[in-house]
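Below is one structure, written out as structure tokens, with a few remarks after it.
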Amino acid sequence: MGCPALVQVETSELFIPTEANAPSQQTGIMKRALCLRVTEEDFGEGSSHGVLPAPEFRKRKRKQKPKEEEEEVGVDWARMPQEILLHIFQYLPLLDRAHASLVSRGWNQVFHMPELWRFFEFELNQPASSYLKATHPDLIKQIIKKHSNHLQYVSFKVDSSTESAEAACDILSQLVNCSLKTLGLISTARPSFMELPKSHFISALTVVFVNSKSLSSLKIDDTPVDDPSLKVLVANNSDTLKLLKMSSCPHVSPAGILCVADQCHGLRELALNYHLLSDELLLSLSSEKHVHLEHLRIDVVSDTPGQHFHSIRKSSWDAMVKHSPKFSLVMYFFLYEDEFGPFFRDEIPVTHLYFGRSVSKDVLGRVGLHCPRLVELVVCANGLRPLDEELIRIARRCTQLSAIGLGECEVSCSAFVEFVQMCGRRLSQLSIMEEVLIPDHRYGLDDIHWEVSKHLGRVWFPDMMPCW
């Protein structure tokens, strides 16, 4: 037997076992070697002087590649636990779920697991609705028939097309055997549901109201819901309803929402348009039979200039605060400057205040005088008159203020520093556009962030873009 010889082998062409399939410690050593010692004993007869020609050597080495290595290159989806597959399926749209269920028997089993259908969002835009109707007309009907008892948290996200809204109503009308806990009708763009015949929409929605009997959360903004349909809702779900959001529902009257407040004593969150707000509603929510309301959101919106708005008595707000001292009052204002007459004339318990359009210095001055519970304030626009006095007044009187955002406004750097100094470290969010700050004799834009950071106790810079 000849002496062991060296055979030079290119590492890029040599199969190198991993630690998982290494047969011995020697294999790990071979993995790091740039050459191998090969003897006649290793390869048997036929080798000259114990040296195997390089091409044949490489060929035999490839044959030793275990089958397990081939399988470990990718993920073995067939063996993936159902819990992981279920989590993945929950993120898939309806059609993708249906297609995925055809991959294997295991995936099909996941598709029919009750847990998959407890939470579901129907995304209905015009292309998807048309495709679903043309290619899978019975898919939703089959799913509802099989999983109606499992659906609990359902939402519909539709675009502005009438076809998408009609598809949502068609699905709603099939939820006969469902006992939903949450229903959300979300319009990503107007008009959506408002373009449907009112009777068609009400008929479909009533199916859910009558059959669920355990609704706890209902979001029906921008829909043609009306007073009679709310009475059906109350008759079947008064003991369970806790959250109701119904802004921009023109067919609902103050009497309709008052009926809900009188019967649904467990309401915790309520969102509605200002035209539905009344002294009677606040007094009803403040009665002893009511559970304490936690959040009340009011949208004050004007579509055309010159609209007139009613006022709410201070005594009604006082009754509400006495009954629910910790409730949050969130108000969104989208008004023109000459429409603010009835607002902020007396003390109002607002906690979160957003002005989406230009608001005058006078109105902001009244905010500083009559909003002692204010926690958050956002002013998107004001004009070209500095808000120095108004900002200082708000800092002095609104002692719970912890977040403020200013957009197209003007504030002198000195007044802004004084405002921050008065509020101190309770300002957890300070979003001020750089264009808002006007340099003066004391501070310029280059050094104001140091002064503000000192009073906040953290590094702060003006925003380049609004974050609200």
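Might you let me know whether the range 391-406 holds any residue that is touching a residue at least 40 places away in the same chain (Cβ under 8 Å), out of contact with any helix residue (DSSP H, G or I) (no Cβ under 6 Å at 6 or more places or on another chain) and under 24 Å from SER284 (Cβ atoms)?
No: the range 391-406 contains no residue that is touching a residue at least 40 places away in the same chain (Cβ under 8 Å), out of contact with any helix residue (DSSP H, G or I) (no Cβ under 6 Å at 6 or more places or on another chain) and under 24 Å from SER284 (Cβ atoms).
Which of the residues belonging to the range 451-466 are touching a helix residue (DSSP H, G or I) at 6+ places or on another chain (Cβ under 8 Å), open to solvent by 70 Å² or more (accessible area, probe 1.4 Å) and under 21 Å from CYS409 (Cα atoms)?
Result: PHE461, MET464.
With LEU124, LEU95 as the choices, which residue is crowded, with 18+ Cβ neighbours inside 10 Å and within 26 Å of the chain's Cα centre (by Cα)?
LEU124
Assess whether SER414 counts as being in a helix (DSSP H, G or I), at negative phi and not β-branched (Val, Ile, Thr).
So SER414 passes the test.
Scan LEU387, LEU437 and give me the residue that is touching a Lys or Arg at 6+ places or on another chain (Cβ under 7 Å), open to solvent by less than 10 Å² (accessible area, probe 1.4 Å) and touching a residue at least 24 places away in the same chain (Cβ under 8 Å).
After ruling out the rest, the residue left standing is LEU387.
The rows are residues; the columns are (1) modelled with pLDDT under 95; (2) open to solvent by 30 Å² or more (accessible area, probe 1.4 Å); (3) in contact with a Leu (Cβ under 6 Å, 6 or more places away or on another chain); (4) of a type in the set (Val, Ile, Thr).
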site: VAL210; (1), (2), (3), (4): yes, yes, no, yes
site: ASP227; (1), (2), (3), (4): no, yes, no, no
site: PRO254; (1), (2), (3), (4): yes, yes, yes, no
site: GLY266; (1), (2), (3), (4): yes, no, no, no
site: LEU285; (1), (2), (3), (4): yes, no, yes, no
site: LYS289; (1), (2), (3), (4): yes, yes, no, no
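Looking for something open to solvent by 70 Å² or more (accessible area, probe 1.4 Å) and touching a Pro at 6+ places or on another chain (Cβ under 6 Å) - is there at least one such residue anywhere in the range 153-166?
No, the range 153-166 contains no residue that is open to solvent by 70 Å² or more (accessible area, probe 1.4 Å) and touching a Pro at 6+ places or on another chain (Cβ under 6 Å).
Does ARG366 qualify as being part of a helix (DSSP H, G or I), at pLDDT 95 or above, in contact with a Lys or Arg (Cβ under 9 Å, 6 or more places away or on another chain) and buried (at least 17 other Cβ atoms within 10 Å of the Cβ)?
yes
Of the residues SER316, SER302, SER284, which single one is closer than 15 Å to PRO349 by Cα and either touching a helix residue (DSSP H, G or I) at 6+ places or on another chain (Cβ under 7 Å) or small (Gly, Ala, Ser) (or both)?
SER316
How about the range 320-360: which of its residues are open to solvent by less than 30 Å² (accessible area, probe 1.4 Å) and in a helix (DSSP H, G or I)?
MET320, HIS323, GLU339 - these are the residues of the range 320-360 that are open to solvent by less than 30 Å² (accessible area, probe 1.4 Å) and in a helix (DSSP H, G or I).
Filter the range 323-374 down to the residues that are among the small types (Gly, Ala, Ser) and in contact with a strand residue (DSSP E or B) (Cβ under 8 Å, 6 or more places away or on another chain), then identify the one that is nearest to VAL291 (Cα to Cα). Give the derivation first.
Looking only at the range 323-374, we keep the residues that are among the small types (Gly, Ala, Ser), and these are 324, 328, 341, 356, 358, 360, 365, 368.
Still in the list and also in contact with a strand residue (DSSP E or B) (Cβ under 8 Å, 6 or more places away or on another chain): 328, 356, 358.
Details: SER328: 15, GLY356: 32, SER358: 37 Å.
So the residue we want is SER328.
The values are calculated or read from the model by the stated rules, or taken from the named source; none is laboratory data. All values reported here derive from a predicted model rather than from experimental measurement. Using ideal geometry, Cβ is built from the backbone for each residue, glycine included, and neighbour counts are taken over all protein chains shown. These accessible areas exclude ligands, DNA and RNA; they are computed on the full protein's heavy atoms, side chains included. Shrake-Rupley method; radii C 1.70, N 1.55, O 1.52, S 1.80 Å.
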